[in-house]
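Read through the structure below, which is laid out as structure tokens, and then see the notes.
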Amino acid sequence: MKHASLLLFASTLATAFAATPETHLAIQNTAIHQYEDGPSMPAGQAFTPADTVFLSFEIAGFQKAQKPNYEGARINLSWTVDATDPAGTTIVPAASGKVDTDVTAEDKDWVPKIRDTALIPPAAPTGTYHLKITIRDEVAKTEATADVPFLVHGRDVPSSETLVIRNLRFYAAEEDRKPLETAAYRIGETVWVKFDITGYKFGPGNEFQVSYGIDAILPSGKVGLSQPDAATLSDKTFYPERYAPGVFSLPLPSNVPAGRHTLVITAHDKIGNQTADAKAQFSVE
């Protein structure tokens, strides 16, 4: 009888001190969405600049801290998400959060679901972007990471070490995306011009300040229109805006002469103290 009691005691002791099943902190069920709780983005589908990326993921494998005189336990998790462009530059301030809450035995299969958003900058280049997730279990003192890529199809304006005007083109209307194959207009129509300024220098906080002037030269060689300070483009952003798009229009009055007209755009970089110009021709028929 004494022998049986010793066996029962040994069995109970072994059960009481059995090793807790090992858990591994993990990030699971990561997904990219076009809107909150929407379907996952299909592979290969791309966002465009100024879109919002919606991210969701779950945290699993965390440890629970038992609380004295309490049936349940407490979990204490923290997370961060860093969104980067193809060059590894952060596009928005890193997001962060905590999951610090009590759980009961009924919650044994529950896992936290995290949601986050990232706004793609308006001048974002084409390429593969990344959402870099880091989670930490403050109870177990462990960490886990995951990298969630997504595609962006943006406008690719080649960079420059010095101020330059690129993509100077003529359009039939402001909303047109495709430039005219032949820059030809009739009297009474409006000349629409679009271009990009890049190569300017940045100040503190990615601040830039550029301006441009316009000179329209008639077929005779005389200046028909001169606006030295046509517009100023400036901003101060978290993500460096590496090019500034310009757009303006020139209505053609009834007395405008027919023939080849020359347009001259002169850009000024106020921070970098640089100047650049570009010329293009259009015809009036």
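What follows draws every value from the coordinates through simple rules; no lab data is involved. A quick note: this is a predicted structure, and the numbers were derived from the prediction, not measured. Note that each Cβ is placed from the backbone with ideal geometry, even for glycine, and that neighbours are counted across all protein chains shown.
For the range 164-284, what proportion of DSSP beta bridges, expressed in % and rounded to the nearest 5, is antiparallel?
On the way: 45 of 47 bridges.
Counting DSSP beta bridges with both partners in the range 164-284, the antiparallel share is about 95 percent.
Which order do the peptides 78-87, 208-217 come out in when sorted by mean C-beta neighbours inside 10 angstrom, highest first? Could you put the intermediate results ahead of the total?
Numbers: 78-87: 17.3, 208-217: 19.8.
By packing density, highest mean first, the sequence is 208-217, 78-87.
Greater than 20 Å separation of Cα atoms is the criterion. Which listed pairs, LYS178/LYS222; LYS201/LYS270; LYS64/LYS108; LYS132/LYS201; LYS178/LYS201, meet it? The partial results should precede the final answer.
On the way: LYS178/LYS222 30 Å; LYS201/LYS270 9 Å; LYS64/LYS108 10 Å; LYS132/LYS201 29 Å; LYS178/LYS201 29 Å.
Beyond 20 Å between Cα atoms: LYS178/LYS222; LYS132/LYS201; LYS178/LYS201.
For the chain, set up a GNM with springs between Cα atoms under 10 Å and report which of THR104, THR52, THR162 has the largest fluctuation.
THR104
For the chain, what is the calculated [θ] at 222 nm in deg cm²/dmol (nearest 500), taking -39500 (n - 2.57) for each run of four or more DSSP H residues and dividing by its residue count? Before the final figure, lay out the partial values.
On the way: 1 runs with 15 residues, N = 285.
After summing the helix terms and dividing by the residues of the chain, the value is -1500 deg cm²/dmol.
Taking the C-alpha atoms of the chain, how large are the radius of gyration and the largest Cα-Cα span, Dmax, in Å?
Every Cα atom of the chain included, Rg and Dmax give 30.8, 122 Å.
What angle, in degrees between 0 and 90 and rounded to the nearest 10, separates the Cα long axis of helix 2-16 from the longest principal axis of the Cα atoms of the chain?
Helix 2-16 and the main axis of the chain meet at about 10 degrees.
Between THR162 and THR237, with labels modelled 7 Å along Cα→Cβ, what's the label distance in nm to one decimal, could you check?
Distance between the two pseudo-spin positions: 2.6 nm.
For ASP51, what residues show an amide H to amide H distance below 5 Å, using hydrogens built from the backbone and excluding near sequence neighbours?
ILE120
Can you list which of the trypsin sites (Lys or Arg not before Pro) found in the range 172-225 are DSSP loop residues with at most 14 other C-beta atoms within 10 Å? Before the final figure, lay out each step's value.
Working: sites: ARG177, ARG186, LYS194, LYS201, LYS222; in loops: ARG177, ARG186, LYS201, LYS222.
Listed in order of number, the matching sites are ARG177, ARG186, LYS222.
Please work out the Cα center distance from the range 105-165 to the range 47-103, rounded to the nearest Å.
12
Tell me the relative contact order for the chain as a rounded percent, counting alpha carbon contacts under 8 Å between residues six or more apart.
Working: 630 pairs, mean separation 42.8, N = 285.
Relative contact order here is 15 percent.
Extending each Cα 7 Å along its Cβ direction at SER220 and ALA184, get the distance between those two points in nm, one decimal.
2.5
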